[in-house]
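The structure appears right after this line, and notes come after that.
The values are calculated or read from the model by the stated rules, or taken from the named source; none is laboratory data. None of the values given here were measured: they were computed from a predicted structure. For neighbour counting, all protein chains shown are included, and Cβ atoms are generated from backbone atoms with ideal geometry for every residue, glycine included.
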Amino acid sequence: MPLPDFPELSGPAWQRASAGLLLALLAEYAYEGLLAPIRDEADPDGRVPGMRTEADLEGAATAGADTLAGAGASAYAADGERVADGAHLRARARVNTDADPEADTDAQAVARLGAGAGAGAGSGTGADGEPHAAPVHPHSVAHPAPRYRLELAGHTVYSFRARRGAFGTWRIQPGSVLRVADGAAAPATDAARLIVDARAELGLGPDTTARLVRDVSAALLGAVREDARERPSAAELADMAYLDLEGRVGGRPGLVPDRVRPGFSATDATRWAPEARNPIRLPWAAVHRGIAGWHTSSPDLTEQRLLAEELDPSTRRRFTARLRDRGLDPADYIWLPVHPWQWDETVLPVFAEDLAHSRIVPLGDGGPDRYLPRQAAGGFTNLDRPGRRDVALPFAGPDAPLCRPIPEPSPTSPETTRWLVDRYHADPFLHGESRVVLLADLASVTVRHPHLDAVRDDAGGHPYRALFGASWSEPLAASLEAGERARPLPALLHRDHTGRALVAELVARSGLAPREWLRWLCSALLPPLLHLLYRYGLAVPAYGETLVVVSDAGEVPVRLAVRDVARGLLACVDADGTPFPETDGLPLAAAAGPGRPGTAYRPGDLGRLFGGGLFGGPLRHLSVLAEDDLGVPEAVFWALVRAETARYQQRFPDLKERYGQFDLLGPRLARHTPNRDRLPGRRPGAPEAIPSPLHGPEA
């Protein structure tokens with residue numbers, strides 16, 4: 001058997017990809033407080049009139065649009081390279097090792113760092129746990145970004161130039177990163193090396209270090225192969241249908257790397273990963289009702305109706321004959337789709353006893369329909385008949401602790417959907433004014449394991465509960481009106497191979513001024529999410545691929561769609577522990593905190609989590625891109641967000657008490673920490689909240 005080969009791999013391509021990922025790792029790990037760079041006091045200050053420090057973030061950073069309105073739109077360092085953050089500095093960022101003519105050169109920095117490396121390794125945080133004060137520059141090309149040092153155990157130092165943005169974002173200058181070890185310094189481009197160097201600071205044991213290095217390497221392999229295979233322009237991306245676009249863009253902004261496929265071999269990734277864009281035909285299996293459960297959001301959506309609408313008559317007859325040929329009664333079984341990789345990696349080895357006793361029976365492929373995987377890897381959309389329901393499968397093995405959480409088929413999700421549908425149609429703001437699309441589970445099948453259902457983790461859940469099952473949800477295409485286009489929110493952050501951002505292409509096509517286009521985006525995105533939070537005390541998963549921006553035929557954002565809303569829903573209770581009256585009848589599991597079923601949040605905590613996830617997640621990255629590519633300063637962007645929030649609050653004065661409880665416009669919001677959350681254990685050092693740019697006047 002010939003060994004798989006990837007001719008796209010080359011030394012220069014790998015170095016380019018790794019250098020970009022290194023910048024993203026440094027930027028996002030520093031933002032989350034996993035790593036703590038400090039200002040290099042030996043570097044020339046470079047301060048200019050109007051420069052701000054991190055201490056100013058409590059006040060000046062929230063002063064609104066006027067503070068930086070005249071600062072200009074350029075976000076270039078002195079050498080002409082774009083300053084970058086972890087959102088769009090992915091594997092394609094090129095390496096620039098040119099010296100900065102107006103500041104301490106990299107060669108001089110090498111000499112200084114080589115002499116001083118090991119002079120005091122450790123974290124450098126202020127009294128409040130934040131990194132030491134760092135200036136936020138008004139992006140003048142005449143003043144280079146300051147240099148920072150990241151001192152690690154083992155006398156290893158990373159040095160780089162960076163500016164700070166809203167929410168404490170790190171905007172690291174490409175080509176400025178140096179690594180110093182044993183007195184020798186050199187330009188740094190190795191992303192995996194950073195993981196090994198920083199393993200003590202990250203609290204990683206040998207197994208976790210090795211797994212994360214593997215994830216980084218696999219992500220780089222995928223990026224290099226994808227870049228060599230196809231590089232569509234921003235204009236071509238703008239013309240793509242939703243399903244085709246989703247496989248080409250990132251998933252969760254700030255998660256680095258964001259395309260980790262735990263358990264996949266290199267060959268698996270080329271066959272099954274969303275970015276491979278390979279259509280597949282999903283096989284089906286039958287599971288005995290003694291270990292399986294059927295759950296529906298409506299009495300009208302029965303098993304028989306769903307099967308009739310999802311499977312052709314000939315396929316249903318074939319499945320029935322398969323069971324009868326084995327002497328089994330088809331009425332005793334529930335049918336569900338299963339992914340070929342999932343069947344081989346999980347079902348066969350873990351549920352072998354059930355297969356031996358014919359409690360699980362393979363039925364064969366589900367007919368001619370082809371499905372494409374969505375970015376979450378567990379979601380699939382029918383490519384041939386888009387009107388058929390989307391399918392979600394628990395597409396992760398039990399040994400994948402570093403993967404992003406994949407929503408599991410849950411018996412409560414359809415119940416939550418029923419509750420949401422009732423509230424949606426009874427609320428004229430949701431279905432009439434905002435016209436938000438809530439895409440939730442309509443039905444699900446859960447499969448119990450005879451032994452592992454009793455195994456529970458420390459958080460009260462059980463990690464094996466999502467190994468086998470399926471759920472169906474309404475397809476996005478069925479909710480779009482004529483002329484409307486849908487794109488996942490993270491797609492707006494995507495840059496093509498020339499550096500042009502998709503959002504810049506969309507703004508140009510709309511004919512609107514960038515600030516006006518962003519105002520439309522805020523008016524489409526925020527009101528429905530705010531209404532769910534303020535009116536019902538509910539927060540939807542607002543961190544990335546679950547949010548879909550719907551634009552009209554003129555490429556103006558007009559409304560929002562939310563995927564997987566029932567599975568990730570969080571609810572809160574009043575300060576005295578009493579549930580909000582508006583959530584009466586909501587299934588208890590919908591009010592669960594992450595990994596803690598049956599618990600709920602106080603309003604202040606939920607407000608900080610919601611705000612940190614949305615504002616500190618995708619919108620934080622969009623604010624950087626808006627400044628760099630659209631000429632809209634960060635402060636103006638955040639003033640637009642604040643103004644839209646204030647407009648909603650003026651629209652519903654009866655909720656005034658709730659506005660104070662959730663405090664989205666307060667001085668601090670929770671830090672969004674997707675990378676911290678996927679590492680085992682709690683990492684010390686990050687504060688609960690950080691200064692918020694929303695604490696200021698409206699635009």
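Worth pointing out:
- Scanning the range 546-566 for residues that are within 27 Å of residue 516 (Cβ to Cβ), assigned to a loop (DSSP other than H, G, I, E, B), within 18 Å of the chain's Cα centre (by Cα) and at pLDDT below 90 turns up at least one hit.
- Per the listing 605, 677, the residue uniquely of a type in the set (Asp, Glu) and either within 23 Å of residue 534 (Cβ to Cβ) or at pLDDT 95 or above (or both) is 605.
- Enumeration of residues in the range 648-665 that are of a type outside the set (S, T, N, Q) and either part of a helix (DSSP H, G or I) or surrounded by fewer than 17 Cβ atoms within 10 Å (Cβ to Cβ) (or both): 648, 651, 652, 653, 654, 655, 656, 657, 658, 659, 660, 662
- Pairs where the first residue, in the range 20-38, is within 17 Å of residue 152 (Cα to Cα) and the second is of a type in the set (Lys, Arg) and at pLDDT 95 or above, C-beta under 8 Å, 6+ apart: 27/171; 37/149; 38/149
- Annotation note: Cβ proximity below 7 Å between a residue of the range 545-566 that is closer than 19 Å to residue 380 by Cβ and touching a residue at least 12 places away in the same chain (Cβ under 8 Å) and a residue that is in a loop (DSSP other than H, G, I, E, B) and of a type in the set (Asp, Glu) (sequence gap 6+ or interchain) occurs for 546/564.
- Look at (1) outside any loop (DSSP other than H, G, I, E, B); (2) surrounded by 15 or more Cβ atoms within 10 Å (Cβ to Cβ) and you find that residue 375 fails only one, number (1).
- Any hit, the range 38-46, residues being part of a helix (DSSP H, G or I) and modelled with pLDDT under 95: no
- Checking each residue in the range 493-522 for being touching an Asp or Glu at 6+ places or on another chain (Cβ under 6 Å) and in a helix (DSSP H, G or I) picks out 504, 506, 509, 510, 522.
- Criterion: crowded, with 24+ Cβ neighbours inside 10 Å and farther than 19 Å from residue 476 by Cβ - qualifying residue of 506, 538, 521, 512: 538
- Qualifying residue in the range 685-692 (condition: buried (at least 18 other Cβ atoms within 10 Å of the Cβ), part of a helix (DSSP H, G or I), assigned by TED's automatic domain parsing to the domain that holds residue 494 and at pLDDT below 95): no
- Among the residues making up the range 286-329, a single one is among the aromatic types (Phe, Trp, Tyr) and over 17 Å from residue 414 (Cβ atoms): 319.
- Members of the range 221-263 that are within 17 Å of residue 372 (Cα to Cα), out of contact with any Lys or Arg (no Cβ under 8 Å at 6 or more places or on another chain) and hydrophobic (A, V, I, L, M, F, W, C): 241, 249
- Here 239, 190, 197, 244 are screened, and the one residue that is of a type outside the set (Phe, Trp, Tyr) and crowded, with 21+ Cβ neighbours inside 10 Å is 197.
- Among the conditions (1) assigned to a helix (DSSP H, G or I); (2) buried (at least 18 other Cβ atoms within 10 Å of the Cβ); (3) of a type outside the set (Ser, Thr, Tyr), residue 251 misses just one, which is (1).
- Failed item, numbered, when residue 443 is tested on (1) part of a helix (DSSP H, G or I); (2) at pLDDT 90 or above; (3) under 27 Å from residue 393 (Cα atoms): (1)
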